[in-house]
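Colleague: Below: one structure in structure tokens.
Just so it is clear, none of the values below were taken in a lab; they were calculated from the coordinates. Here the structure is a predicted model, which is why all the values come from computation and not from measurement. Virtual Cβ from ideal backbone geometry, glycine too; neighbours counted across all protein chains shown.
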Amino acid sequence: MIEILNPTLLARAKASGALVADILHTLKGRTTVGTNLLDIDRWAEKMIAEAGAQSCYVDYAPSFGRGPFGHYICTAVNDAVLHGLPHDYALADGDLLTLDLAVSKGGVAADAAISFVVGDTRPAESIALIETTERALAAGIAAAGPGARIGDLSHAIGAVLREAGYPINTEFGGHGIGSTMHQDPHVPNTGRPGRGYKLRPGLLLALEPWVMADTSQLVTDADGWTLRSATGCRTAHSEHTIAITDDGAEILTLPTRTQP
Ligand code: MG
């Protein structure tokens, strides 16, 4: 099902989006060398509860995962890229961390992800991966607007990833979002322009380019959730929730404030 939101629901989507972004960037600000992934999960749980919002993850139990996720945020480190299950691990200098968060407030969900390097070292490969997914996300958003087709967004995202030399995996990509976290239409991270669903004002999309440095193959961790690169290479992931407007697209998951 594809949902088109009315102005009341769009206003709620904006609030949910700002909340997701503010939590993510607050967590990024608190994360240092030695921070445990389980601390990040507890901080996320507390901030979601204090905002009167609901986690989209804690009870999430899709066919590809092992039972309910049971945590409030995805934490993916280095070769882990998607669905990273928080576990007892203290972050080290130079670790590449991806935080992916979806919450629902007022009945509308928003979803975003950021990747960053922990500590003071700036590993060139990690920075290149992160910047490439950010540029691919920006290209996908620039291609979005009323009348554009899903294939236009997919093509724009894929062109940036391909030009940077990274293989593209199409098993997981962006998606519609609204009353639930994952909805139609699917937004693959590569595609052909002019193909697919035609975008309309009021549609919410989560665009999420992600890459692995030297492979398109994923392996599932022993935890039953975390997806890693098959070669152990580094990975990155950037995601925004956007709303299609009358004349373009609005990013809903930009931070408005962060907490200490
Ligand atoms: Mg998503």
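Colleague: Which aspartates and glutamates have a Cα lying under 12 Å from the Cα of K105, excluding residues fewer than 8 positions away in the same chain?
Modeller: Correct list for K105: E50.
Colleague: Over the range 61-119, what number does the Rg to Rh ratio reach, with both radii from the alpha-carbon atoms and Rh per Kirkwood? Walk me through the numbers before you get to the answer.
Modeller: Numbers: Rg = 12.9 Å, Rh = 12.7 Å.
Taking Rg over the Kirkwood Rh, I get 1.01.
Colleague: If you don't mind, there's one more thing I want to ask. Considering the Cα positions of the range 7-251, please state its Rg to one decimal place and its Dmax as a whole number of Å.
Modeller: Considering the range 7-251 through its Cα atoms, Rg and Dmax are 16.9, 48 Å.
Colleague: Here's a follow-up. Can you give the charge dipole size of the chain about its Cα centre, rounded to the nearest 20 debye, using +1 on the beta carbon of Lys and Arg and -1 on the beta carbon of Asp and Glu? List each step's numbers first, then the result.
Modeller: On the way: 19 positive and 29 negative charges, 121 e Å.
With Lys and Arg at +1 and Asp and Glu at -1, about 580 debye.
Colleague: Cross-link candidates for K28: which lysines have Cα within less than 20 Å, leaving aside residues fewer than 8 places away along the same chain?
Modeller: Straight-line reach from K28, under 20 Å: K46.
Colleague: Under the classification rounded if a/c is under 1.5, otherwise prolate if a/b is larger than b/c and oblate if not, where does the range 132-260 fall, given a ≥ b ≥ c as square roots of the Cα gyration tensor eigenvalues?
Modeller: Values: a/c = 1.74, a/b = 1.39, b/c = 1.25.
Taking the square roots of the gyration eigenvalues as a ≥ b ≥ c, the range 132-260 is prolate.
Colleague: Report, ordered by chain and residue number, the lysines lying within cross-link reach of K198, taken as a straight Cα distance under 25 Å and ignoring same-chain residues fewer than 8 apart.
Modeller: Here the lysines satisfying the reach criterion relative to K198 are K14.
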